[in-house]
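Student: The structure's right below; bear with me while I get my questions together.
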Amino acid sequence: MENRSNHRITVCISCRHKTGAPDSACRPGFELIERLRAAIDLAGDTIGADFEISGTACMAGCDRPCTVAYYGSRKATYLFGDIDADTDVGDLVSFARQYASLDDGWCSSTSRPKGLSGKTLARVPAAILVTEPAEVLQ
Ligand code: FES
């Protein structure tokens, strides 16, 4: 079945643990994706939107592993860093719920889940004119 979700969470699968050796094969993004998918599934309809969760290569936050991005049609994009699969999944689910509820995805650092405090690497306004097909904008 085709996934028509317009909300996405993308996890870097190239990040390595900070404490691991530079050539470590341990890539926490894979575990994070698995746990996040399970938690989002468990939360079900309380999230308010379907999220497609996938992995991607480096998102240029390599000094703050693991990085996670939220984006959606006509919404601000967020990039979080220092995300730990053992401690941050609950806050990521809470932020998914908050993000789904916001028309433009825009929110302040103080309104985001406390566990994500200091972990926001970027908040980028929506770029509707660049990303939407012309017929949608008429
Ligand atoms: S390796 Fe994950 S952000 Fe660069």
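Student: Can you name the number of the only condition in (1) under 27 Å from Arg16 (Cβ atoms); (2) without any contact (Cβ under 8 Å) to a residue 12 or more places away in the chain that Gly115 fails?
Tutor: (2)
Student: Any residue at all in the stretch 29-47 that's within 15 Å of the ligand (Cβ to nearest atom), surrounded by fewer than 20 Cβ atoms within 10 Å (Cβ to Cβ) and within 17 Å of Pro113 (Cβ to Cβ)?
Tutor: For the stretch 29-47, residues within 15 Å of the ligand (Cβ to nearest atom), surrounded by fewer than 20 Cβ atoms within 10 Å (Cβ to Cβ) and within 17 Å of Pro113 (Cβ to Cβ): absent.
Student: When you go through Gly72, Gly61, Gly81, Gly115 one by one, which is the residue that is under 18 Å from Val11 (Cα atoms), more than 12 Å from the chain's Cα centre (by Cα) and surrounded by 19 or more Cβ atoms within 10 Å (Cβ to Cβ)?
Tutor: Among Gly72, Gly61, Gly81, Gly115, only Gly61 is under 18 Å from Val11 (Cα atoms), more than 12 Å from the chain's Cα centre (by Cα) and surrounded by 19 or more Cβ atoms within 10 Å (Cβ to Cβ).
Every number here is computed from the coordinates shown, using simple stated rules; none is lab data. Computed from a predicted model, the values in this text were never measured in an experiment. Here the Cβ is made from the backbone with ideal geometry for all residues, glycine too, and neighbour counts use every protein chain on show.
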